[in-house]
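This report refers to the structure that appears directly beneath it.
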Amino acid sequence: MLQLVRSLREANFKYYIESLDQLAPWMFSLDHINYARWLSVQVRDMCTLSSKDPKVFQQFSEGAFVAHKSPRRFSSIALDHAHEQANALVKEDGWAIGLTKESPGTLLRWMVVGPELARRCFLFL
């Protein structure tokens, strides 16, 4: 598990694939059926990425499979982790609280502006 974290922090795609491959047997032995099933698919897809889509493989090899929160070494995080942090920022200031209970127009505006707002939040992290 720590190897997986290290691969994400260092934005090392080759090490990421290796750590997922080493983690997969544990999902089977611990009876995590969905993780075992889909982690195997993920590893296979990432291993064949260089031949199926060389451009994406090149980008991933350069570290585009993680979010870089700063230029410092060992500061990259997984994309889902970065999304959770952006959501926490938005909710922290009360922007997203109660949108569904208020007017439908407010919710619609949030749906339109939300992605751009999240992108701008990442610029300041």
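General remarks:
- Within region 10-40, the set of residues being within 17 Å of the chain's Cα centre (by Cα) and either over 22 Å from Ser76 (Cβ atoms) or open to solvent by less than 80 Å² (accessible area, probe 1.4 Å) (or both) comprises Glu10, Ala11, Asn12, Phe13, Tyr15, Tyr16, Ile17, Ser19, Leu20, Tyr35, Trp38, Leu39.
- Verdict on Ala67 being open to solvent by less than 40 Å² (accessible area, probe 1.4 Å), closer than 21 Å to Val5 by Cβ, outside any loop (DSSP other than H, G, I, E, B) and touching a strand residue (DSSP E or B) at 6+ places or on another chain (Cβ under 9 Å): yes
- Qualifying positions in region 41-55 - open to solvent by 50 Å² or more (accessible area, probe 1.4 Å) and part of a helix (DSSP H, G or I): Gln42, Arg44, Asp45, Cys47, Ser50, Ser51, Lys52, Pro54, Lys55
- Qualifying residues in region 71-91 (those that are in contact (Cβ under 8 Å) with a residue 12 or more places away in the chain and assigned to a loop (DSSP other than H, G, I, E, B)) - the one most open to solvent (accessible area, probe 1.4 Å): Arg73
The values are calculated or read from the model by the stated rules, or taken from the named source; none is laboratory data. As the structure is a prediction and not an experimental result, all values here were calculated from the model. Methodologically, a virtual Cβ is constructed for each residue, glycine included, from the backbone with ideal geometry; neighbour enumeration extends over all protein chains shown. SASA here: full protein model, heavy atoms, side chains in, ligands and nucleic acids out. Shrake-Rupley method; radii C 1.70, N 1.55, O 1.52, S 1.80 Å.
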